[in-house]
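Student: Below are the structure tokens for one structure; questions will follow.
The values are calculated or read from the model by the stated rules, or taken from the named source; none is laboratory data. All values derive from a computational prediction rather than experimental measurement. Neighbour counts are summed over all protein chains in view; Cβ atoms, including those assigned to glycine, are modelled from backbone coordinates with ideal geometry.
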Amino acid sequence: MYPSIRQSKMLERLRLQQFCNITELAEVFSVSDETVRRDVR
């Protein structure tokens, strides 16, 4: 998945849930915790 698409999906998930932790997002998107951290910066 392209980073821009993943970032959009992460934002959408956060809007719906209002809270997600990094590990949860990493599992959902099959990426590392560090990738999630980079994406949300």
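Student: Taking interchain pairs and intrachain pairs at least six residues apart, which have beta carbon atoms under 9 angstrom, with the first residue in region 15-26 and in contact (Cβ under 8 Å) with a residue 12 or more places away in the chain and the second part of a helix (DSSP H, G or I) and surrounded by 15 or more Cβ atoms within 10 Å (Cβ to Cβ)?
Tutor: Within 9 Å, the pairs are ILE22/VAL36; LEU25/MET10; LEU25/ARG13; LEU25/VAL36; LEU25/ASP39.
Student: Filtering region 6-26 down to residues that are of a type in the set (A, V, I, L, M, F, W, C) and surrounded by 10 or more Cβ atoms within 10 Å (Cβ to Cβ), which residue is nearest to ARG37 (Cα to Cα)?
Tutor: ILE22
Student: A further question on this structure: Could you tell me which numbered condition PHE29 fails, if it satisfies all but one of (1) modelled with pLDDT under 95; (2) aromatic (Phe, Trp, Tyr); (3) surrounded by 13 or more Cβ atoms within 10 Å (Cβ to Cβ)?
Tutor: (1)
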